[in-house]
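Coordinate-derived values only; no laboratory data. Being a predicted model, the structure only gives us computed values, none of them experimental. Cβ sites come from the backbone with ideal geometry, for glycine too, and all protein chains shown count toward neighbours.
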Amino acid sequence: MGLVTMKILITAHARKRLQELRQEQISESDIRAAAKSIPGYIPTATRFRGFTASSGRFFDIVAKDVFAGRLVITIIGK
């Protein structure tokens, strides 16, 4: 079995949240790495806690798996 690459989709809402003060210093690459690190299948929107951005800032993501890939719904900075 070969390596399967999962497509990470980031909603417009999540991209907009990155502009807010609470989520500053969190990049899209940080979000993609966090979403890819979650094992298994996510059938319903679920909050995953304890990710660290390359800047050192902690954050959570809400994600679910859809037909097109893994959908990141929102980001919550700490």
Worksheet item: For the chain, which GluC sites (Glu not before Pro) are in a loop by DSSP, counting at most 11 other Cβ atoms within 10 Å?
Response: E20
Worksheet item: What FRET efficiency do you get for T11 and S54 if R0 is 30 Å and r is their Cβ-Cβ distance, rounded to the nearest 0.05?
Response: 0.90
Worksheet item: What is the set of long-range amide H partners of I42 at a cut-off below 5 Å, with H atoms built 1.01 Å from backbone N?
Response: D65
Worksheet item: Under the rule of -39500 (n - 2.57) per DSSP H run of 4 or more residues, summed and divided by the residues of the chain, what mean residue ellipticity at 222 nm is obtained, to the nearest 500 deg cm²/dmol?
Response: -5000 deg cm²/dmol
Worksheet entry | Net charge of neighbours whose Cβ lies under 12 Å from the Cβ of R57, counting Lys and Arg as +1 and Asp and Glu as -1 | -1
Response to the item:
Any lysines whose Cα falls less than 25 Å from that of K7, other than same-chain ones fewer than 8 residues away, would be K16, K36, K64
Worksheet item: Ranked by Cβ crowding within 10 angstrom, fewest neighbours first, how are V62, V72 ordered?
Response: V62, V72
Practice prompt. Taking 7 Å along the Cα-to-C-beta vector as the label spot, tell me the L21-K78 distance in nanometres, rounded to one decimal.
Written response: 2.1
Worksheet item: When only DSSP loop residues count, what chymotrypsin sites (Phe, Trp or Tyr not before Pro) in region 43-78 have their Cβ near at most 13 other Cβ atoms within 10 Å?
Response: F67
Worksheet item: Starting at 0 and stepping by 5 Å, how many percent of the alpha carbon pairs of the chain end up in each bin?
Response: 3, 16, 30, 25, 15, 7, 2, 1, 0
